[in-house]
Structure formats: C-alpha cells, structure tokens
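This report concerns only the one structure given below.
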There are 2 protein chains.
Amino acid sequence: MKKSDYLRRYSMSDRIASEKLRSKLMSADEAAQFVNHGDKVGFSGFTGAGYPKALPTAIANRAKEAHGAGNDYAIDLFTGASTAPDCDGVLAEADAIRWRMPYASDPIMRNKINSGSMGYSDIHLSHSGQQVEEGFFGQLNVAVIEITRITEEGYIIPSSSVGNNVEWLNAAEKVILEVNSWQSEDLEGMHDIWSVPALPNRIAVPINKPGDRIGKTYIEFDTDKVVAVVETNTADRNAPFKPVDDISKKIAGNFLDFLESEVAAGRLSYDGYIMQSGVGNVPNAVMAGLLESKFENIQAYTEVIQDGMVDLIDAGKMTVASATSFSLSPEYAEKMNNEAKRYRESIILRPQQISNHPEVIRRVGLIATNGLIEADIYGNVNSTNVSGSRVMNGIGGSGDFTRNGYISSFITPSEAKGGAISAIVPFASHIDHTEHDVMVVISEYGYADLRGLAPRERVAKMIGLAHPDYRPLLEEYYARATSGDNKYMQTPHDLATAFDFHINLAKNGSMKA
Amino acid sequence: MKKSDYLRRYSMSDRIASEKLRSKLMSADEAAQFVNHGDKVGFSGFTGAGYPKALPTAIANRAKEAHGAGNDYAIDLFTGASTAPDCDGVLAEADAIRWRMPYASDPIMRNKINSGSMGYSDIHLSHSGQQVEEGFFGQLNVAVIEITRITEEGYIIPSSSVGNNVEWLNAAEKVILEVNSWQSEDLEGMHDIWSVPALPNRIAVPINKPGDRIGKTYIEFDTDKVVAVVETNTADRNAPFKPVDDISKKIAGNFLDFLESEVAAGRLSYDGYIMQSGVGNVPNAVMAGLLESKFENIQAYTEVIQDGMVDLIDAGKMTVASATSFSLSPEYAEKMNNEAKRYRESIILRPQQISNHPEVIRRVGLIATNGLIEADIYGNVNSTNVSGSRVMNGIGGSGDFTRNGYISSFITPSEAKGGAISAIVPFASHIDHTEHDVMVVISEYGYADLRGLAPRERVAKMIGLAHPDYRPLLEEYYARATSGDNKYMQTPHDLATAFDFHINLAKNGSMKA
C-alpha cells in the first residue's frame, strides 16, 4: 500500500470532515513535491504560533537533495511574521530561501540575511497581505496553512494565529493544509475572519471597539486549489519569558507614571485604557505592573496575546484582547489549549490586515507601546538595523501602531551589552519611526514626553533617558551640533561626528571609547 | 461715533445675515485686543488659501508695540498648513510667534525657525487637528477663521480652504471671524463638512470613493464664542507656476512611463486612476503630461487643487477632485472665483483631517506622488531638513499619503543648485519616509521601482536616478560599504563616510568636492 493510501485510511484524527479534502491526505514529503524551485510560497505563522510544522523540513530536505545533486532549489517565502526554528530555521539552514518577507527573527535566517546570501524585504505587517493581493510580488504559487480542523463543507478553522492566511489562500494557485492535532479544537469560535474587499471595492472595516466581532469563525476558500492535506501533532515553538528583572521593573514603573500623568491631564481614564504592546520581557513587566495598578477594564487591540495579557484577563483587569496571534510561554500555551473554551469569550484572533489596520487603530484610540534598538536625541527611532546595517528582526507592526495610535510610546533599557551600547545616540543609524511619529520614550531613568516640542527642546529630555555614563558624551555632541559652522537650529547636527558612537562600537567594542 | 459702531452700520457687504454676529463687527485692530501674549491661536489657512487677511497684521502690530514698550508678546500659532507673507510673514517678522505647528513655508518664518528664535513642530497634517482635540498642546484660546459668509442661523461658509477650521472652532475659547468679500459666494456648495466624533466615540469615515459627499456645506459651531467679526476684501496669496522646463518634462515623462508599466502589469487601468499630488512645478508638468495621455476618468483624492487639475477637469479627463484647499496661480484663482458654480460640480473641499485621513486614503487606493529633498541609495527619503538641520518647509501631508497610498511615488530632479547638490545621497541626512514606505522614485533619468527588493538590490536602481556626475561617487560609497570591516549586508553602510556628500557641501559649496 502506498504511504498516501495508508494515511488516508488511518488518519490520526477525525479533524478532516470533508471527504473531498480527506482524499488529499498524504505525507509531508509527498506534499513537498508540489513546492518547486523558484516558487513563491505563502506560509501561515506569526511569532511562533500557527506556522506549518511538517512542510518546512520536507521542503528543506528537497533543497538539500537538489543542492547535493548540483541543482538549484530556492523559494521565495511569505509569512504572517516570524515563525520558529523548525520553520524559518530549517529552511535557512538548507539555503532553501532566496527572498523573504515581511518579518523574520530566526537566528540562522538572520545570519543568512546579514551575510548577503538571502534577500529580505522588511514590510509593515498591515501592508504585507494587501501588497500580495495587489500583485506587487507576482503570482503566489503555493500556500501552506496550518489549521485546527476542516468542516464537512471544506471550511477551515485556523489554529493559534490567523496572520495572512486568508490573503495567501485567495492568492495562491495551490494550497497545502496542515491539520495539527496539537492545537485545541476549542480554539473554534475565537477567530473573527473578515476581509476588506479587493480594490476598487474596498469598504470601511466595521470595527468601532476592540471587542467587536464582524466576521466568521472559519475561512471559506476555493477548495479545488487544495493539492495536499498533511496531518501533524506538534507544539508551537513557545519561548519562556525571563523573570522580570530590576531594570524592566523600573521601566514598567516609569511607563505607569506616564499613564498616571495622562490621567492627571484628563487625557486618559482609569476605566478603559486601550493597549497595544510589542512582545518581550519589558512589555511583560509593564503588564505585571498594570495588574497592581488602578487601571480597570483594560482592552487590548494588538498584534499578539502574551502571558501578561492572560494574567490581566484572569485577574478581571482586562475585558477583551484582540490580536492576530498568540505569543505565549510553553506553560501559558498549554493553559490556553486546555481552557480555550473559556478564553474565547475575551480573546479574538483576526487577520493581521485587520489587527494592524491603520483605520481601526486610529479609530479605537489605543496607546502604542513598542521596543527599540536606539533612539536619537531628536526622537527618531531605529527598530531594525544595528549600527545601520545588521538587521535584527524587522519593523513588524510597530509602524502600523506608532503612526496611528492615539499616543505612541517606546520602552527600552538605556543600555545593552553590559554598557557597550547606548540606546540613546546622537543620530539613529537607521530610522524606522520618524520624529513626526514618536511621542513618548521611556527608559529606566524616566519618560520623555516629546509632544509639542520643537526638535531642540527634546534634546535634554532624551539625554535624561540615557545611562549617566553616556550623558556627557551626548551633551558634548549637542554642543558641537550647535556651534562652529553648525548654524541651523531646527535639528542641530554635526554630521562629521554624528555616527561616532557607532564607529567607536565597531572599532573598540563600545560606544564610549 | 466709535469705529466699531461705524462698521456695524456701514458694513461693506451683506454677507453677514446673522444679527447676533453682525453685532460683533469691528476693526481688525479692535479684534486683535482679544489675542493676548501667551495665547494659543488657531488660524484658518492652507497653502496660501483661506488664511485670515487682517488679523495677522493687527496682531503683529500689537507685538511690535509691546516689544517697543519693553513687554513680552508672542503667541503659539496653529494653522492648517502654510499661509502667506501677509500672515506667517508679518507675524514672524514682528517676532510675534513663540512656537508654530503643523507646517510652514514662509521664508522669513523659516529663517526665524532655523536661527533658533522660534519653535516649530512639524506634524503630519492628518494628525494636527486631532492632537489639538486630544489636548496634547493644552487649551486653544482663540480661533481666527476666514469665511465667505454667515447665514441667518449663524452657520458659516468656509472660503478657499477648510483645513483645521472645524477643529479650531470647536476647541477654542474665543472665535474671531474674518468675512472676506474677495472670496466668491459661489464657493457655497463646494465644501463637504463632516467630522470624526471625538474619542472614545469615533466611527468610520463613510467615504468609499473620492467623489462621495458625506456632510454639510457649512460649519455649525457655538456662536456664543464669537468675540469679533471683521470684514476684509483681500485676495489669497497666489504664486504663479513657472513654465514647464525640460527637466520637469522628462520627469513627467518617466512618471507616465511608470503608470504605463503598471497598466501593462495589470495593476492599473487607463480608466479611473486616482491621484494624489504634492504641489509645485514638477507635479504641474505631470498633470500637463496626463492631459495628453491615455488615462481617462482620473480622480484626485488629494490635499490641494492646483492649476493642472483644473486643466484636467476642463479637458474632461478628470471627473472629480477632492482636497482641503486651493493652491492656484493668480490667473486660475480668478477663474475659480468667477466659475465656482460650475467647478463645484466636480471639486470638493473637505476638512484636512478627512482629505488626509489614513483610513480613506487606504480605502480609495490612490497613487501618492510627492517631492523630496534627497533620497538615499536604499530609498529612505528626506522631505524636510536640508543637510539634516535646516528645515525647508515640513512633512505636510506627504506621510499621510505615502504610508497609506496603494503605490507611493516620489518625483525629483536629480540635482539642485546647478549641480552642487545631488538628490541621491549615500545616507539621507534626515528621514521622513522610511525604506518601508517608499515604493517608486522618479528623476529625469528614469524610475526606480523598489517594490519586492531587498535593500542592497535597490542600490543600482537608485544610483541610476542620480546625475551621471554623482554616479561614480555613489558607487564608490557602496563599494566602501560592502568591503573592509563593513561586513553586514542587509543595509550596507560605511558610517565614517556616510555624510561626506553633506560635509563637502558645507565646506566647499558642492557635494562633489
């Protein structure tokens, strides 16, 4: 009996109710034969949740075989955002990717990108799906989408992320589905699938509040395009968070002080603060701080649900969290899987084009809070390229939320690498968020509220966020920028020494030297 | 008889039908007494259209008197965008402004800003009104708004721009109206006044197509706040365009080639191209080119109506133009005043929060086309600060349209100042539009389509836009950026020489030297 016949007969689960699609059951290696050299391939997956678990390795093996035989094999890879070592990692390691969009964080892939052996377009997450629909990258050949189950009608229930799944399913010529039994069937009902009609027929996104449900709980698409269905039973890659450290606690405290000052100014209420938050240890510390705060009925309109939001929901402090994906520790992912039925009352997973839509972000009036690599003394923010050249991850959704949020804030420790790197620099070596978009920057030394200030009025506030070791160096720079031949005072700079911090770092291993 | 009594009796026009507001008629000097030192003052006005004609000089005179007597006198000035010499100019000249937002282009004011004697916050035009409503700048004390007429009910008909008038009228404690008889009464019916309700009650902007009318033709506000009504009969400041030169013609030709290539790729139709265009001689050349092109039923969803759009309407090539203001030559302004009744069939003037709203811009699917100061080899764009420090005008609406347009494009001559300045540089000395937002750049040497390209794949295309004199210098930079210790290939840079073009310019008067 052929392996695929065997699989069709002895399927691991009863999660494929459609006879038509059940007939497409096969192994990942068999399914990988539909993915050819030069193909443009759209994967599900967003921050380590809901990415395909079997096809990446099978495609990587095809690439290795081809390369071993002296043949070319590389695909262009489109996803929701980052995935995991068993997805981006194995493919990068096998040199199976020519070009990648819109976001990547895998260390092996990062090295390939920075060595120049792989192309990478770093794109706003809310733009990524629409630009494929608009044909900016040519025809998508294959979509590989992880799902929780297939209904009798052939509708599919997404798994732990939605990402660009709808866009890839609509755009691709061929579809491969991965039905992952590890994902809880109780996720059904948590998703809210609604798409903006294609140009020129776009209409308003009918969301006024983070908790508004506007769509279906499943994805409907042309099932004639399905060439393979593969079964898996594999956990999402879930990284544990570090315990909250002292610096993170101080940053969280300063962030809460900032929120309190907004309440005092009448611009925010203790009731109903709407949050967007980037992922990481500092944001998690902020959420721990909120647990103890006076803020009630918090809502999240954000990209990913992280541990701290689950705690806020459990504590009754957060009423609803809308996102496109989970980004949970292994412990919390297990809890989510076990209690999805309860959590789907207060958690909504949407397509990333909706979770990150400028229109909805502006309408709900959220406070955006993201991390950064460095900010300069005028409030320009580098989120992506270390010393201007080495990409770390990508802009992700930070631009969608920073530009369109009610208030945009950035949180960062003042230093990295044991003090060798300052987060506050004279001139940001790459700029992802401009002085027009950055309102508040927060470090363990306080917060700088830049609203209503001319650029030169921001300088003292920004320098106040730096580690005391760096403050005299920054002050010296500003003194140079405002003296000698540097006579223009809107955004004073001394271009000859603007990158001295970065040049020192490259030469001597520290921005100080 | 007091001057104000005289005015009430012998009013120049019958444009003030409300008895209540007619009773507030007075001279500009009398009205200026309501504008005190330290006040935050919101003016009407957008690119030289619809700004107050009398109060600026009257306020400037108050400032001069106060300064002459050794007293402080300065206001914070909020507008729609730029105004004119008899508004921004006279106030700057009198040192009557402490701080200004969101845009300025007056030469005298520019000098004050760059000398450091005046503060300037350069803000996205779509953000400016909402940020005042949200209280980011404190209480607005006075609004000074030019209008065409006042109805019996006290409703006001805007003049040649709408700008932030609604926001200022709502936010200010006191209101001064300038009724300008120069403005055609036939403008009535051209405006479409609709506002997004304040947070937390925002709703979708119900515009799906550029020509959709959703509001009223007048502004309704609390007339109890009116402290003065002043009559004027003064033309808008209208600058003539230069005749289309050879370079502009070539740029326009390359822009049209780009549009043709989009048609060939199936991403654009000859029928119904939706345009946004910055103001200036090159955009005007583009519109002259469109007159002769195959494109039909063009629509504009843009900030300002300029001469070229009027020609397109007259030629039957443009069906509708939606904007917040006129920016016409004197000749075209006169034509508009005479024939407003006809033009109001195809021209709509909206609040700038709506003309520039991210939500609507993204929904209608327009092609954004703006100018620039410089772009770097990776496609980052500087729109505001010459050599990083000297502000030229401001970001205006270019960010609103660039981020949210279907396609974002920039048009520029390859050189300025007779070849001393290159528009293509190794590292942009100020960044207003990031590599994530810039899709197509066009000079007289061709167009660079950056979509789908990793940063290092963009370099050759961007260098191809530069003047041939600068190409070897740019290639030398890229060679340095990819050799020696510069080993990171995502966005290769040689930070030690990244600003050499600008440093040369400051030292030797040319970027080449």
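Some values worked out for this structure:
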{"quantity": "Exposure proxy order (Cβ contacts within 10 Å, fewest to most) of A:Glu331, A:Glu231, A:Glu359", "calculated": "A:Glu331, A:Glu231, A:Glu359"}
{"quantity": "Kirkwood-type radius of the protein assembly as shown, with distances r between different C-alpha atoms, in Å", "calculated": "29.7"}
{"quantity": "Percentage of interatomic Cα-Cα distances in segment B:286-392 larger than 20 Å", "calculated": "51"}
{"quantity": "Using a 7 Å Cα-to-Cβ projection, A:Pro468 label spacings across copies, nm, ascending", "calculated": "6.1"}
{"quantity": "Charge dipole (debye, nearest 20) of segment B:375-464; +1 at Cβ of Lys and Arg, -1 at Cβ of Asp and Glu", "calculated": "100"}
{"quantity": "Distance between segment B:120-189 and segment A:409-461 - C-alpha centres, whole angstrom", "calculated": "34"}
{"quantity": "Highest to lowest packing among B:294-302, A:148-156, scored as the average C-beta count within 10 Å", "calculated": "B:294-302, A:148-156"}
{"quantity": "Residue order, fewest to most surrounding Cβ atoms within 10 angstrom, among B:Phe221, A:Phe46", "calculated": "B:Phe221, A:Phe46"}
{"quantity": "Pairs of Lys in segment A:12-232 closer than 17 Å at Cα, counting only those 8 or more apart or on different chains", "calculated": "8"}
{"quantity": "Residue order, fewest to most beta carbons within 10 Å, for A:Lys225, B:Lys53", "calculated": "A:Lys225, B:Lys53"}
{"quantity": "Chain A: calculated mean residue ellipticity at 222 nm from DSSP helix runs of at least 4, using -39500 (n - 2.57)", "calculated": "-8500 deg cm²/dmol"}
{"quantity": "Derived scalar couplings ³J(HN,Hα) [segment A:24-35; Karplus, 6.51 cos²θ - 1.76 cosθ + 1.60; whole Hz; x for Gly, Pro]", "calculated": "9, 4, 7, 7, 4, 4, 5, 4, 5, 5, 7, 10"}
{"quantity": "Within straight-line cross-link reach of A:Lys317, aspartates and glutamates at Cα separation under 17 Å, skipping those fewer than 8 residues along the same chain", "calculated": "A:Glu260, A:Asp271, A:Glu292, A:Glu296, A:Asp307, A:Glu345"}
{"quantity": "Anisotropy class of segment B:394-513 from Cα gyration tensor, a/c 1.5 cut", "calculated": "oblate"}
{"quantity": "For segment A:246-470, convex hull volume per residue from C-alpha positions, Å³", "calculated": "123"}
{"quantity": "Cα coordinate range in segment A:427-472, projected on the principal axes (Å, largest first)", "calculated": "28, 24, 19"}
{"quantity": "Residues with amide H under 5 Å from that of B:Tyr447, placed H, sequence gap 5 or more", "calculated": "none"}
{"quantity": "P(r) of segment B:12-232 over all Cα-Cα pairs, binned every 5 Å from zero, in whole percent", "calculated": "1, 7, 15, 20, 21, 16, 11, 6, 2, 0, 0, 0"}
{"quantity": "Around B:Arg267: net Lys/Arg minus Asp/Glu count, Cβ-Cβ under 13 Å", "calculated": "-4"}
{"quantity": "Dipole of chain A, positive end: most advanced residue of A:Tyr73, A:Phe499, A:Ala31 [Cβ charges, Cα centre]", "calculated": "A:Tyr73"}
{"quantity": "All-pairs alpha carbon distance profile, chain A, 10 Å steps from 0, percent", "calculated": "4, 19, 28, 25, 15, 7, 2, 0, 0"}
{"quantity": "Packing-based order for B:488-500, B:428-440, B:190-202, using average beta carbon neighbours within 10 Å, highest first", "calculated": "B:428-440, B:488-500, B:190-202"}
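We did not get these values from a lab; they are worked out from the coordinates using the rules stated. Computed from a prediction, not measured in an experiment: that's the story for all the values here. We place every Cβ from the backbone using ideal geometry, glycine too, and count neighbours over all the protein chains shown.
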